[in-house]
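What follows is a short report on a single structure.
The values are calculated or read from the model by the stated rules, or taken from the named source; none is laboratory data. The structure presented is a predicted model; accordingly, all values stated were derived computationally and were not measured. Cβ: placed from backbone, ideal geometry, glycine included. Neighbour counts: every protein chain shown. Please note that ligands, DNA and RNA were not included when accessible areas were found on the heavy atoms of the full protein model with its side chains. Shrake-Rupley method; radii C 1.70, N 1.55, O 1.52, S 1.80 Å.
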Amino acid sequence: MKAPPLLVTRPPGLQLVLAVAVPAIYGLVCGVLLGVSAALYTLLTLLALLGGVGAGYEHADALEGAGRGVAGGMLFGTFILLGHALAGTKAKTALPEPHVVLPIVTTILAAGGGALGGALRGRHERRLNPPPTVA
């Protein structure tokens, strides 16, 4: 089975959308929903972790995937706070105090998810293209 293209091989505009706009917009939506439903907010934030693994899979190895996760997790967590502030609603679930801890936590979790995705991609590529054996 062929893996999706690496992020670096995609057009620059699409790279920007995938690496910057998607986590920012998704975080904004989660931030708005934070004041609507605790269950929905929790479900969407857990799905974000799967998205982080998928984003990491667009990179050649765990280190590159972790880097993508750091960027995406920081954007995601920051935009949760922004979306919640813009909505002006009361949070339906507890946020860490001080709130700046949220982007730190999302960054750490996304770095781990991205690293996992990158490691899985690297393993997939090695299985498809094993190194030559020396006789």
Report relative contact order for the chain in percent, whole number only (criteria: Cα-Cα under 8 Å, sequence separation at least 6).
34
State the percent of C-alpha pairs, over all pairs in the chain, separated by a distance greater than 26 angstrom.
29
In terms of the ratio Rg/(2.2 N^0.38 Å) built on C-alpha atoms, what value belongs to segment 68-115?
1.17
Extension gain VAL20-LYS90, at 0.36 nm per residue separation less the Cα-Cα distance, in nm?
22.5 nm
Kyte-Doolittle at least -0.5, axis length at least 24 Å by Cα - qualifying DSSP helices, the chain
38-56, 62-87, 101-128
Residue-normalised accessible area of segment 24-130, given per residue in Å² at a 1.4 Å probe:
52
Accessible area of the chain belonging to carbon and sulfur atoms, whole % at 1.4 Å probe:
76
Taking a crude spin-label model, label points 7 Å out from Cα along the C-beta direction, the THR133 to ILE108 distance in nm is 4.4
Starting from the residue with the highest accessible area, list THR89, THR9, THR107 in decreasing order, probe 1.4 Å.
THR9, THR89, THR107
Debye sum, Cα scatterers, segment 1-76, no solvent: what log₁₀ I/I(0) at q = 0.14 1/Å?
-0.47
Normalising by the residue count of segment 60-121, find the relative contact order in percent from Cα pairs under 8 Å and 6+ residues apart.
67
Within 10 Å, count the other beta carbons around each residue, average over each peptide in 72-85, 91-104, and list them highest first.
72-85, 91-104
Using mean Cβ contacts within 10 Å as the protection proxy, how do 30-39, 14-23, 60-69 order, highest first?
60-69, 30-39, 14-23
Residue separation times 0.36 nm, minus the C-alpha to C-alpha distance between ALA3 and SER37: what's the value?
8.7 nm
